[in-house]
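Quick notes on the structure that follows.
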Amino acid sequence: MSQTAPQGASALHSLAQFDDRSFFEKALAHGLAHGLIDTTKLDAIALEAPKGMVQIARYFGSEFLRPELEKARERLVNLVSLALEIHSDGDLHQAAVALREHSLLSRSKAGADLLKALIAMPQSSHFGMHESGGFTDEHIPQLAKWSLRSAADYRAELAKRQQVANVVDAALHLAEALGTDRDDLDDSGRDAEAVIRTALLALSLGHTQMPDWVAFEKMVQQLRKKFTGGTTGRSTGKAAARKTVDAAARSVALPLPKSLPARLHASVDAVRLSVESDLPKIFESALPARKLFDQTPAFMGRYFWVEDALNEVDHFERAASAVWHKATGGHSDDSSLLTLFLCVAAGGPHKTLLSAQGAAALVRKLRKNGLQAQAAQAFIADHAPDTHRSDYLEMWQAFLLDLEPLLASDHRSAPNDTLSLLRRECNVAD
């Protein structure tokens, strides 16, 4: 007996713990057992229940079909149970008091309101994929499904969506601190975490505006220069380079704005860890910013910049103009430009004037290694002023018609003929 008694007690305890009644039924039974709910209140509940079933059946379909009414009864019990369990945090005494103090229909509405608020919360942290207008008629099919789910399902979904909502709210807060509003983020369709990562980097450098691509590229260059001393990409030893990169990453402070609500700190901190893990890769990579952040799979979509096509075009044109001016030295005559194009096609230094020895050496190099005509065409296309680009390409093509046959010729006079062509068409000092 001494051995079987504990087993019997355990079995009774298990039976007591197992109770598949709805939380509404449990709260009602608790209220009746403890004198919290009297017969008058019980009668009121009995009168309200049919009304609530009809209202729910009408809302989701038809109150004239028996299957719809049966489902409405299940929904009514679920909605009331949800409101009582969530608001009382599972305390049957508090739930019974709430059932006594409020009507059944009000508890049903409270449960529906909980679900509507849940459904209106974002499921994705991508801007543009969630409408911020709250619950609408389009969400009714979702409400129909959720009205038949358990409080445990509700809690699990709420926790998941709350995490997403916090990330979105944190991104909005940081973006607003850097002068970017919700509409800009929605138009971008980028992930909230990408916005947070860029904002943290921008704030660490003292920026006051969310960067467009041009500013983002400069920001990356600033980070690399400031925290690596310009050593990125140099052929230093692997161990030394790694130590430099790790030290640089550790030295980067990613502060949170003082105005950031405390409830969002955990969400931003989680993203901040991902930025800290990215920093060594950013520092040690020799790739240009555009190729790293917009063409490398590991970084594509991971950071955010404001789309400003006009500014990018202006920046590109200014950069192209600077390269062109440096390469030409301000010369615009045909001979100087053909000399420059020929040097580009030979893969040598940019020059607009060749010495006699330099011209002869260039001819030997071209005959030995070949002519990269496409390199010169690409240089013209990328850097020549718009108004003259087509003219320069045409001039280069006309020059090639004379040059390429000479370079391909095995005739003894071909080298001298090529040099004569350069003296006639290019800038060759006597």
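The values are calculated or read from the model by the stated rules, or taken from the named source; none is laboratory data. In this text the structure is predicted, and so the values were computed from the model without any measurement. Note: ideal-geometry Cβ built from the backbone for every residue, glycine included; neighbour counts use all protein chains shown. All accessible areas refer to the heavy atoms of the entire protein, side chains included, with ligands and DNA or RNA removed. Shrake-Rupley method; radii C 1.70, N 1.55, O 1.52, S 1.80 Å.
Computed on protein heavy atoms with a 1.4 Å probe, the accessible areas place His350, His34 in the order His34, His350, largest first.
Compare Leu371, Leu273, Leu260 in a GNM of the chain, Cα atoms joined below 10 Å, and give the one with the largest fluctuation. Most flexible of the set in this elastic network: Leu371. Using a probe of 1.4 angstrom and keeping all protein chains present, the accessible surface of the chain works out to 55 square angstrom per residue. Measuring nothing but how far apart in sequence close Cα pairs (under 8 Å, 6+ apart) lie, relative to its length, the chain scores a relative contact order of 11 percent. Taking the average, over residues, of other Cβ atoms within 10 Å as the packing measure, peptides 390-397, 75-82 rank 75-82, 390-397 from highest down. Secondary-structure-derived ellipticity at 222 nm for the chain, considering helices only, amounts to -23000 deg cm²/dmol, per-run term -39500 (n - 2.57) for DSSP H runs with n ≥ 4.
Taking the average, over residues, of other Cβ atoms within 10 Å as the packing measure, peptides 136-144, 118-126 rank 118-126, 136-144 from highest down. In the set (1) 1.68; (2) 1.00; (3) 0.93, the label that goes with Cα Rg over 2.2 N^0.38 Å computed for this structure is (1). Counting only protein heavy atoms and using a 1.4 Å probe, the accessible area of Arg182 comes to about 60 Å².
Given all pairs of different Cα atoms, what value in angstroms does the Kirkwood hydrodynamic radius of the stretch 312-430 take?
14.6 Å
In terms of distances greater than 19 angstrom between alpha carbons, the cross-link table entries Lys218/Lys258; Lys326/Lys351; Lys160/Lys258 yield Lys218/Lys258; Lys160/Lys258.
Highest mean packing first, where packing is the average number of other Cβ atoms within 10 Å per residue, the peptides 325-337, 194-206 line up as 194-206, 325-337. Put Asp187, Asp91 in order of accessible area, highest first, and with a 1.4 Å probe you get Asp187, Asp91. Of the solvent-accessible surface of the chain, computed with a 1.4 Å probe over protein heavy atoms with every protein chain present, carbon and sulfur atoms account for 54 percent.
Need one word for the stretch 15-132: rounded, prolate or oblate. Basis is the Cα gyration tensor (sqrt eigenvalues a ≥ b ≥ c); a/c below 1.5 gives rounded, then a/b vs b/c decides.
In terms of gyration-tensor shape, oblate.
Taking the chain as a Gaussian network of alpha-carbon nodes connected by springs under 10 Å, the highest mean-square fluctuation of the residues Phe283, Phe60, Phe399 belongs to Phe399.
Let me check something: with ligands and nucleic acids excluded, how do Val167, Val54 order by accessible area (1.4 Å probe), largest to smallest?
Val54, Val167
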